[in-house]
Each structure stands twice: as C-alpha cells, then as structure tokens.
Amino acid sequence: MLNGIRIVEIEGLGPAPFAAMTLADLGADVITIHRKESSGSVTGDASLLDRGKRSISLDLKDSDDLKIARALIATADGLIEGFRPGVMERLGLGPQKCQVENPKLVYGRMTGWGQTGPKSQMAGHDLNYIATSGALWYASDPDTTPLTPATLVGDIGGGALYLVIGMLAGVLNARSTGKGTVVDAAIVDGSAHMMSLLMAIQQAGQFTANRGQSLLDGPHWSRSYRCADGGFMTVQCLEPKFYALFLERLDLSDDPEFQEQFDASSWPHLTLRLTEIFANKTRAHWIKLFENSDACVAAVYPPSEAAHDPHMAARQIWQMPGDTLQPAPAPRFDGHCAPINASTSRDADRADILRELWAHPKE
C-alpha cells in the first residue's frame with residue numbers, strides 16, 4: 001500500500017523502530033541508519049523490529065557519514081527519530097535544515113513527553129507517561145496497584161501508532177501542498193487521546209473517576225477469572241442478550257442474584273461467586289463450555305499459545321518465520337495478509353543504498 005514512499009529512520013529504541021517497522025510492513029522503503037557499533041540495544045542485531053527494512057551504519061558525528069545521512073534524507077518522504085528534543089539539531093539534522101534541502105519532508109519526532117512543556121527534557125518510560133496522561137488510572141481493581149501490559153498502552157498505542165498516523169497524514173498533505181511538516185508524536189498526547197471512548201462513556205453517565213465502579217471495570221461480567229489449573233478466562237458480556245447467554249451456559253439463568261445485571265451494589269458479591277465458580281474447573285473446561293457461543297467469554301493466552309487458537313491459526317496471525325514467533329502485519333487489505341519480511345542486519349544494505357544514492361541523486 002505504501003509502495004514508492006521512502007522513510008529514513010535514525011536508530012532508536014522502542015516506539016520509533018516499531019513505527020518504522022509498521023510502515024515497512026505496509027510496503028514503504030524504510031532505510032534505517034544504524035550506529036556503526038551496537039550500543040547494547042535491548043533489541044539486538046537483526047531485530048524483529050527491523051523486519052522489512054534496509055540498513056546502513058553511519059557515525060553521525062563523522063562529517064563524511066553525516067553527508068551520507070543528509071543525502072539520504074534529501075531523497076526521503078519522511079524521517080523518524082526518537083531522541084530528546086534538541087539532539088538532532090545538535091547533530092546538524094534538525095527539521096529546519098533538513099526541510100531546506102527537502103521541502104516535502106515529513107519529519108517524525110517520537111518522544112514520551114513531547115517537544116515542549118516542563119518535562120520535555122526529562123527522562124521517562126512507558127509507565128511514567130501513561131501515569132501522567134491519565135491512561136493508567138483504570139488499570140487493575142480498586143484495591144490493587146495499577147498494572148498494565150508493558151509498552152502496549154504507552155509506547156505502542158499512544159506513541160508508535162500515533163506517529164504512524166502522523167507520518168501518513170503528513171505525506172498525504174505534502175503530496176497535495178508540496179510542503180512537509182514536523183510530527184510531534186508524544187506518548188502523553190496519544191495515550192490521553194486514547195481515553196476519548198472512556199470519557200464519552202463517562203459523559204453518558206456510565207463511567208466514573210472511581211476505579212471499580214464503572215460499567216467496564218466494575219461489573220462481575222467485565223473482568224478476568226482464575227481457573228482451577230492456574231489459567232484465566234475473560235468475561236465481558238455487556239449487552240443483556242449476551243449476558244443472558246452467559247448465565248445460560250453456567251446454569252444461572254434462574255438464580256435471582258444474577259438477574260439485575262446493572263445493579264452496581266451487587267457487583268462485588270457476584271464477582272466473588274463467579275470467582276468461586278471459575279476456580280472449580282480448568283481453563284480447558286471453560287473453553288469447551290463457551291465454545292461457539294455469543295456469551296463473550298474467551299481464554300487468556302500468552303502469544304505462544306495464542307498461535308494455536310483455532311481462530312488465530314486460521315487467520316495466521318502468529319507465525320514462525322525461522323525460529324522467531326512474530327505477529328503478521330496488520331491491517332489487511334482486500335482480505336489479504338501481507339507476508340512477514342526478513343529482518344535486516346546492521347549495515348547489511350550499505351552497498352546497495354550507496355549505489356542508489358550516488359547513481360540517482362535527488363534533483
């Protein structure tokens with residue numbers, strides 16, 4: 001879908017490489033400028049996050065390598081970097097300089113706190129950003145410490161995916177106006193924006209600021225339960241017709257305590273009852289019981305098990321190219337799932353990139 005679009009990525013950590021990988025999954029020509037020597041990155045060499053990309057290693061403090069980087073950026077539709085504000089400017093690769101040479105350049109900046117504001121120069125990580133933005137507030141039960149899946153809400157959801165949206169919007173705008181833009185993708189911005197649906201529910205009177213007392217985080221029919229074998233099942237039968245099916249499968253349709261689905265005063269007691277019920281049987285039992293049902297019940301899987309779920313397997317969502325479990329590119333277009341491309345190794349594409357660069361310099 002993005003054939004013909006070139007993105008230059010400056011090596012970084014976390015959300016910026018994920019955003020660039022997503023664009024590569026969608027068909028963009030992503031060239032990553034890796035450091036000449038690995039800095040002990042947690043993603044290592046030939047990372048999953050480098051799949052579908054091409055790589056050239058440069059020392060951006062070296063004048064000759066800096067010229068190569070600037071020449072590459074001059075050929076690009078977009079650039080992605082994930083440093084603190086000011087770092088790229090000190091390297092001589094800030095947006096003002098780059099857009100003089102390439103006016104259509106969409107300059108993507110990925111940070112936690114954003115390019116401006118009192119914390120813009122401070123260190124931080126995923127959990128800090130979503131705590132500050134408000135996105136962590138509803139995680140976990142009211143009597144427990146907030147806990148959320150690492151990176152999913154902040155780095156990926158509020159950060160990388162908003163950067164992807166910004167890059168695509170910027171490229172579309174540049175093609176119609178001839179003018180590039182600077183995309184300030186801040187995790188605090190994106191993760192707060194992701195709260196819009198919950199805030200809309202709150203506006204309708206179905207969600208409150210008190211944890212465990214709202215429509216999606218308080219009821220017995222909207223949570224996870226531990227099974228006899230240590231596995232877990234999720235229940236979220238919001239609509240009354242689905243709640244009725246849920247009760248039917250559990251032989252609770254005639255139990256008077258379960259009749260008032262939206263009576264918040266009964267939720268704690270009914271949660272305890274369902275906790276006892278689910279704890280008496282294994283996860284496999286509950287999977288079988290709710291199979292082919294609209295009761296809105298599903299097992300909790302780690303990725304390695306999720307790959308074998310019949311639905312996940314039918315859609316080939318988790319795949320094993322080589323020896324590495326990977327999720328397939330998303331979304332799909334016209335019903336087709338794009339293939340998983342191989343991950344590049346550091347500097348593996350230097351010769352080809354330089355040959356293209358000097359053979360076809362940007363006019």
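Collect residues whose amide H, placed 1.01 Å from N in the peptide plane, falls under 5 Å from the amide H of G27; neighbours closer than 5 in sequence don't count.
Long-range HN contacts for G27: L2.
Measuring from centroid to centroid over Cα atoms, what is the spacing of the stretch 220-252 and the stretch 77-119 in Å?
48
Using Cα atoms only, what is the angle between the long axis of helix 350-359 and the major principal axis of the chain, expressed in degrees (0 to 90) to the nearest 10?
Approximately 50 degrees, to the nearest ten.
For the chain, build the charge dipole from Cβ charges (+1 Lys, Arg; -1 Asp, Glu) around the Cα centre, then report which of A135, N173, V188 sits farthest towards its positive end.
It is N173, whose Cα lies furthest towards the positive end.
To the nearest 0.05, what FRET efficiency results for L197 and K36 with a Förster distance of 51 Å applied to their C-beta separation? Display every interim value, and only then the final one.
Working: r = 45 Å, r/R0 = 0.88.
So, using R0 = 51 Å, E works out to roughly 0.70.
Going through the cross-link list K97/K119; K67/K104; K61/K179, which pairs have a Cα-Cα distance over 23 Å in this structure?
Numbers: K97/K119 25 Å; K67/K104 19 Å; K61/K179 29 Å.
From K97/K119; K67/K104; K61/K179, over 23 Å: K97/K119; K61/K179.
Calculate, in nm to one decimal, what D141 and A342 gain on full extension: separation in residues at 0.36 nm each, minus their alpha carbon distance. Can you show the working numbers first?
On the way: separation 201, 0.36 × 201 = 72.36 nm, distance 4.10 nm.
Between D141 and A342, full extension yields 68.3 nm more.
What's the magnitude of the charge dipole for the stretch 291-363 around its Cα centre, counting Lys and Arg as +1 and Asp and Glu as -1 at the beta-carbon? Answer in Debye, nearest 20. Walk me through the intermediate numbers first.
Details: 6 positive and 11 negative charges, 53 e Å.
With only Lys, Arg, Asp and Glu charged at Cβ, the dipole is about 260 debye.
Hey, what D do you get for the stretch 173-292 in µm²/s if you plug the Kirkwood alpha-carbon radius into Stokes-Einstein at 37 °C and 0.692 mPa s?
Numbers: Rh = 17.2 Å.
Calculated translational D: 191 µm²/s.
Please compute the length gained on full extension between S253 and L289, using 0.36 nm multiplied by the number of residues separating them and subtracting their Cα-Cα distance. Could the numbers behind the result be given before it?
Values: separation 36, 0.36 × 36 = 12.96 nm, distance 1.55 nm.
Fully extending the segment from S253 to L289 adds 11.4 nm.
Tell me, what HN-Hα J-couplings in whole Hz come from the Karplus equation 6.51 cos²θ - 1.76 cosθ + 1.60 at θ = phi - 60° for each residue of the stretch 266-279, using x for Gly and Pro?
Couplings: 8, 4, x, 5, 5, 5, 5, 5, 5, 4, 5, 5, 5, 6 Hz.
Compare M110, M1 by solvent-accessible area with a 1.4 Å probe and give them largest first, with all protein chains kept in place. If you can, show how the numbers build up before the last one.
Working: M110 5, M1 155 Å².
Reading off the accessible areas and sorting them downward yields M1, M110.
Using heavy-atom solvent-accessible surface (probe 1.4 Å) with all chains present, what is the largest-first order of E291, E260, E356? Could you put the intermediate results ahead of the total?
On the way: E291 95, E260 120, E356 70 Å².
The ranking, largest first, comes out as E260, E291, E356.
Could you tell me the calculated FRET efficiency between L238 and A169, based on Cβ-Cβ distance and R0 = 35 angstrom, to the nearest 0.05?
Details: r = 33 Å, r/R0 = 0.93.
So, using R0 = 35 Å, E works out to roughly 0.60.
Where a Cα-Cα gap under 30 Å defines reach, which lysines qualify for K288, not counting those fewer than 8 residues away within the same chain?
K241
Suppose R0 equals 30 Å. What FRET efficiency, 1/(1 + (r/R0)^6) with r the Cβ-Cβ distance, do D229 and L152 give to the nearest 0.05? Before the final figure, lay out each step's value.
Details: r = 26 Å, r/R0 = 0.86.
In this case the efficiency is close to 0.70.
Which length gain, in nm to one decimal place, applies between N210 and D323 when the Cα-Cα distance is subtracted from 0.36 nm times their residue separation?
Numbers: separation 113, 0.36 × 113 = 40.68 nm, distance 4.52 nm.
Using 0.36 nm per residue and subtracting the Cα-Cα distance, I get 36.2 nm.
Nearest 20 debye, what's the magnitude of the dipole of the chain about its Cα centre given +1 on Lys and Arg Cβ and -1 on Asp and Glu Cβ?
Values: 32 positive and 43 negative charges, 229 e Å.
Dipole size: approximately 1100 debye.
Run the quick spin-label model on A313 and Q115: label points 7 Å from Cα toward the beta carbon, then report their separation in nm to one decimal.
4.9
Counting Lys and Arg as +1 and Asp and Glu as -1, each charge on the Cβ, what is the dipole of the stretch 241-363 about the Cα centre in debye, to the nearest 20?
Numbers: 12 positive and 19 negative charges, 95 e Å.
The dipole magnitude comes to about 460 debye.
Taking only DSSP H segments of four or more residues, each worth -39500 (n - 2.57), what value at 222 nm results for the chain once the sum is divided by all its residues, to the nearest 500 deg cm²/dmol? Numbers along the way, then the final one.
On the way: 14 runs with 124 residues, N = 363.
That comes out to -9500 deg cm²/dmol.
How big is the gap, in Å, between the Cα center of the stretch 154-187 and the Cα center of the stretch 277-342?
30
Compute all pairwise cysteine Cβ distances in the chain, then list the cysteines with no distance under 4.7 Å to another cysteine.
Isolated Cys, the chain: C98, C227, C337.
The values are calculated or read from the model by the stated rules, or taken from the named source; none is laboratory data. Because the structure is a prediction, the values reported are computed rather than measured. All Cβ positions, even for glycine, are placed from backbone atoms using ideal geometry, and neighbour counts span all protein chains on display. Quick note on the areas: whole protein, heavy atoms, side chains included, nothing else; ligands and nucleic acids left out. Shrake-Rupley method; radii C 1.70, N 1.55, O 1.52, S 1.80 Å.
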